[in-house]
Amino acid sequence: MPIRVTRELQLDAGHRIPSHKGACCNVHGHRYRIAVTVEGDLTIEPGHSDEGMVMDFADLKVLMVHHIHEPLDHGFMAWHGDEPLVSFLRGQGFRLVLMDAIPTAENLARWCHDQLVEPIRSVYGGRLRLESVTVWETPNNCAVYTVPK
Ligand SMILES: [Zn+2]
């Protein structure tokens, strides 16, 4: 009986959508809210620290902090093809996170998935899997990347 558990974190980061028709083409930032959901069976081993859990929330937090919060927080996400922005940020020595896609909420959800999928697989094998990543760019707008089964 698979059960899903979700943990959230928040971080501050800058971005821009270079060809956007509106204000999003400007350099700006958000307080992102990111939720990671994993799915698996409960640990049933008596006396195990994770007995009755899919995954210890504290262990999920450690993975999210290391692979998402640390690289992004107070950094600037830029698509590698956004040449004026990339060269400016590099020239100033600012924290730059180069992305292979325009850093929309949708692409950021996918990026977070890409950061986490192998670390989760290497620790937990087939016992649990990354199910989805949700990125709120504002309190009203979010994108969900659901991992194909
Ligand atoms: Zn934005």
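Some notes on this structure:
- With a Förster radius of 22 Å applied to the beta-carbon distance between F57 and M1, the computed FRET efficiency rounds to 0.70.
- Annotation: extensible slack from H69 through S87 equals 4.1 nm (criterion: 0.36 nm per residue apart, minus Cα-Cα distance).
- Share antiparallel - DSSP beta bridges, the chain, percent rounded to 5: 80 percent
- Accessible surface of the chain [probe 1.4 Å, protein heavy atoms]: carbon and sulfur percent: 54 percent
- Taking a sphere under 13 Å around the Cβ of P84 and counting the other residues whose Cβ falls inside, with K and R at +1 and D and E at -1, yields a net charge of 0.
- Under 5 Å, built H, 5+ apart or other chain: amide partners of M99: A78, W79, H80
- Model label points for H28 and N140, set 7 angstrom from Cα along the Cα-to-Cβ axis, are 1.2 nm apart.
- Per residue accessible area of region 3-146, 1.4 Å probe, in Å²: 53 Å²
- Rounded if a/c under 1.5, otherwise prolate or oblate - the chain, Cα gyration tensor axes: prolate
- Note on the chain: GNM, Cα springs under 10 Å; of H113, H20, H28, the largest mean-square fluctuation is that of H20.
The values are calculated or read from the model by the stated rules, or taken from the named source; none is laboratory data. No experiment lies behind these values; they were computed from the predicted model shown. Ideal geometry is used to build each Cβ from the backbone, glycine not excepted, and the neighbour counts take in all protein chains shown. Each accessible area value is taken on the protein alone, full model and side chains, heavy atoms only, with ligands, DNA and RNA left out. Shrake-Rupley method; radii C 1.70, N 1.55, O 1.52, S 1.80 Å.
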